[in-house]
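The block underneath contains the structure these notes are about, expressed in C-alpha cells.
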Amino acid sequence: MKKIVLGTWLVILSSYLLAQDIDKIINATEVERIEKILSADDMEGRRTFSPGIDKAAAFIAEEFKKAGLQPVNGQSYYQEFVMVTPKFISASGSLDNTVIDMKNIIVVTCQPTLTINENSGFEKIMVAAGKDLFSEARNLIRSGKNYIVMVDTSFSKIFNRLTGLKRQLFKSSNSIVFILTAANPVNYSFEAKHEFVERKLMNVVGVLPGKKSKEEFVVFSGHYDHLGISKPNKDADSIFNGANDDAAGTTAVMMLAHYFGLKKDNERTIVFAAFTAEEIGGFGSQYFSQQYNADKVVAMFNIEMIGTESKWGTNSAYITGYEKTDMGKILEKNLQGSKFTFYPDPYKTQDLFYRSDNATLARLGVPAHTISTSRMEADTMAVNKTIDKYYHSLDDEIETLDMKNMAEIIKAIAISSSSIVAGKDSPTRVNIKDLR
C-alpha cells in the first residue's frame with residue numbers, strides 16, 4: 001500500500017514540477033518578445049524573396065541556436081533550395097512518325113533543352129478518359145521520376161491548364177512531358193526549349209536528436225513568410241505585418257524548441273521547421289517533405305494562426321483533418337484533467353486541411369495536421385471573405401493578438417504531444433486513397 005501511495009504522489013509531484021517548468025519557459029511575456037520581433041515593421045512583411053524575410057530567417061536561426069538545436073545541414077539552420085521560373089520557347093514532337101501540334105505538348109522540366117525518345121528511360125503512362133487529370137499530374141510531379149504522359153483527348157478543353165505546373169519548380173525537379181492524344185505510340189520523340197530564372201529560398205530548420213528512436217521523426221512547423229508591403233500610401237500603413245499569419249505559428253515553433261531543448265528527454269528526433277513561400281504556393285514545405293522518408297515521420301504538428309480566440313473561446317483550438325487519423329484522440333488523452341480542449345475543424349467547407357503546410361506530408365500518409373484558432377466561417381455578406389477580419393489584412397498586427405491565450409495553446413501542444421515525442425504513442429497513418 002505504501003508503495004502505491006508513494007507512486008501516486010510521485011506522479012502528482014512530477015506533474016506539478018512539469019507545470020512549473022513549462023510556465024517558466026512558455027509564458028505570455030516570452031511569446032510577446034518573439035512576436036514583437038517577427039511582426040515588426042522592419043521585417044517588411046516577410047515577403048518571399050525580400051530582405052525582410054532574410055532578416056526573419058536570421059532571427060529564427062538564432063533562436064534555434066539558443067534552444068540548443070542542431071543545424072539541419074551540419075553547420076547551418078538554413079535549408080536552402082532553388083526555385084526556377086521557366087519561360088517557354090518551343091516544343092516539337094512526333095508519335096509513330098506523325099508530327100504533333102505544339103499546342104498539344106506541355107513539358108514540365110528544369111532542363112533548358114530536353115530531348116527524349118522511347119529509349120530515354122522515361123516511363124510512359126496513359127491518363128484515360130474519366131480519370132482525375134490534375135490529381136494524376138500532381139502525383140507524377142511529386143514522384144521525382146521522369147514520365148511521358150499520354151493524355152486522352154477527352155481532356156482537350158482543360159489540357160492547357162497543366163501549364164500551371166510550370167509556374168515554379170525546384171531546380172532538381174523531374175521532367176514530365178504531357179501529350180494530348182488518343183494514341184498509344186510505340187515510337188516517339190520530343191524536344192522542348194525553355195529559359196529559366198533562378199531564385200534562392202530557404203526554410204529554417206533545427207533538429208533535436210532522439211535517443212532510442214532517433215530514426216523516427218516528429219515535426220513542429222509553421223510558415224514565416226507573409227505578404228510584404230502594399231503600394232505606398234503616405235496616409236496609411238502599407239506593411240502586411242502578419243502577426244497572426246503566421247508569426248504566431250512560427251513563435252510557437254520557437255517556444256516549443258526552447259521547451260523540448262531544455263527537457264532533452266525526447267526518444268524520437270524532433271524537427272522544428274519554419275517554412276518559406278507558403279503564401280505563394282507552399283514551396284517551402286514541399287521541398288522539406290522531399291528531404292525525409294515519409295514512412296519515418298510519425299507526426300507533424302503544423303501551427304498556423306493561433307493568436308486569436310477560437311469560436312469556443314480561450315483555452316481551445318481546432319485540428320484540421322481531425323477524422324483522418326487518431327492523432328487528435330491522442331492529444332485529448334494527454335490533456336485530460338486540463339482546462340484546454342482540442343476540437344475537430346468546424347470549417348469543412350473552407351478546405352483548410354489542404355490549404356496549409358501540413359498537406360504535402362499528409363498526402364504521403366503522414367499524420368500531419370494543422371492546429372489553429374482562426375475564425376474561418378464564410379461571411380455571407382461578402383464574397384470570398386471570412387469572419388476573421390484581419391486575415392491577409394494590413395491590420396494583422398500584434399495588438400490584435402492575445403498573448404496569454406497563445407501561451408496556453410503552445411503549452412497544450414507541448415503537453416499533448418509528449419507521448420508521441422516519447423515514443424509511447426504513434427498516430428494512425430492518413431489513408432492516401434481518401435485524399436484528393
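The values are calculated or read from the model by the stated rules, or taken from the named source; none is laboratory data. All values reported here derive from a predicted model rather than from experimental measurement. Quick reminder, even Gly has a Cβ in these numbers, built from the backbone with ideal geometry, and neighbours come from all protein chains shown. Areas reflect the complete protein model, heavy atoms only, side chains present, ligands, DNA and RNA absent. Shrake-Rupley method; radii C 1.70, N 1.55, O 1.52, S 1.80 Å.
In this rough spin-label picture, where each label sits 7 Å from Cα along the Cβ direction, the Glu198-Glu399 distance is 4.5 nm.
The Kirkwood radius of the range 112-259, taken over pairs of alpha-carbon atoms, gives through the Stokes-Einstein law at 20 °C and 1.002 mPa s a diffusion coefficient of 108 µm² s⁻¹. Cross-link reach is defined here as a Cα-Cα straight distance under 12 Å, omitting same-chain residues fewer than 8 places apart; for Lys404 the aspartates and glutamates meeting it are Asp23, Glu30, Glu32, Glu309.
Shape annotation for the range 54-93: C-alpha extents along the principal axes are 55, 21, 10 Å, from largest to smallest. Extents of the range 62-142, largest first, come to 63, 31, 24 Å (Cα atoms, principal axes, whole angstrom). Dividing the convex hull volume of the alpha-carbon atoms in the chain by its residue count gives 169 Å³ per residue. Loop-located chymotrypsin sites (Phe, Trp or Tyr not before Pro) across the range 75-133 with a Cβ neighbour count of 15 or fewer within 10 Å are lacking, with loop assigned by DSSP.
For the range 255-300, the dipole from Cβ point charges (+1 on Lys and Arg, -1 on Asp and Glu) about the Cα centre works out to 200 debye, to the nearest 20. Residues whose amide H comes within less than 5 Å of that of Val219, counting only those at least five positions distant or on another chain, are Val271, Ala299, Met300, Phe301 (H built at 1.01 Å from N in the peptide plane).
Placing R0 at 41 angstrom, the Cβ-Cβ distance between Glu309 and Gln70 gives a FRET efficiency of 0.70 after rounding to 0.05.
Fraction of C-alpha pairs exceeding 19 angstrom in the range 23-76: 39 percent, rounded to a whole number.
Show the residues, 5+ positions off or on another chain, whose built amide H is closer than 5 Å to the amide H of Lys124. Residues meeting the amide H criterion: Ile148.
Go through the range 341-432 and name the trypsin sites (Lys or Arg not before Pro) that are in a DSSP coil and have 15 or fewer other Cβ atoms within 10 Å of their Cβ. Here the trypsin sites (Lys or Arg not before Pro) that fit, given the DSSP loop and packing criteria, are Arg355, Lys385, Lys389, Lys424.
Annotation: for a label point projected 7 angstrom from Cα along Cα→Cβ of Val186, residues of the range 97-129 with backbone N closer than 12 Å are 97. Sorted largest first by accessible area at a 1.4 angstrom probe radius, with every protein chain in place, the residues Ile125, Ile410 fall in the order Ile125, Ile410.
Tell me the relative contact order for the chain as a rounded percent, counting alpha carbon contacts under 8 Å between residues six or more apart. So the answer I get is 19 percent.
Two numbers describe the Cα atoms of the range 230-301: Rg and Dmax, which are 16.6, 54 Å. The dipole here belongs to the range 253-335: it is taken about the Cα centre, uses +1 on the Cβ of Lys and Arg and -1 on the Cβ of Asp and Glu, and is about 260 debye.
The calculated FRET efficiency for the pair Gln111 and Arg161, based on their C-beta separation and a Förster distance of 30 Å, comes to about 0.85. Spin-label model, Glu377 to Leu262: label points 7 Å out along the Cα-to-beta-carbon direction sit 3.8 nm apart. When Rg and the Kirkwood Rh are both derived from Cα coordinates, the Rg/Rh ratio for the range 242-342 amounts to 0.95. Applied to the range 334-351, the Karplus parametrisation 6.51 cos²θ - 1.76 cosθ + 1.60 on θ = phi - 60° returns per-residue 3J(HN,Hα) values of 6, 9, 4, x, 8, 8, 9, 9, 9, 10, x, 4, x, 10, 4, 5, 7, 6 Hz, with x for Gly and Pro.
Around the amide H of Glu118, modelled in the peptide plane, lie the amide H atoms of Tyr188, all under 5 Å away and 5 or more residues distant in sequence or on another chain. Only Lys, Arg, Asp and Glu carry charge here, each on its Cβ (+1 for the first two, -1 for the last two); on that basis the chain has a dipole of about 1120 debye about its Cα centre.
For an R0 of 45 angstrom, estimate the FRET efficiency from the Cβ-Cβ distance between Lys171 and Ser338 and round to the nearest 0.05.
E(calc), rounded to 0.05, equals 0.45.
Here the convex hull built on the C-alpha positions of the range 200-253 has a volume of 96 cubic angstrom per residue.
If you rank Tyr343, Tyr292, Tyr259 by how much accessible surface each has, with a 1.4 Å probe, what is the order from largest down?
Of Tyr343, Tyr292, Tyr259, the descending order of accessible area is Tyr343, Tyr292, Tyr259.
Checking the Cα-Cα distances for Lys212/Lys433; Lys131/Lys166; Lys193/Lys433 against a 26 Å cut-off, the pairs over it are Lys212/Lys433; Lys193/Lys433. Computed over the range 331-436, the P(r) curve from all C-alpha pair distances, binned at 5 Å from the origin, holds 2, 10, 15, 18, 20, 17, 11, 5, 1, 0 percent per bin. Reachable lysines from Lys231, Cα under 23 Å, same-chain residues fewer than 8 places away excluded? Within the straight-line limit of under 23 Å, Lys231 reaches these lysines: Lys55, Lys385, Lys389.
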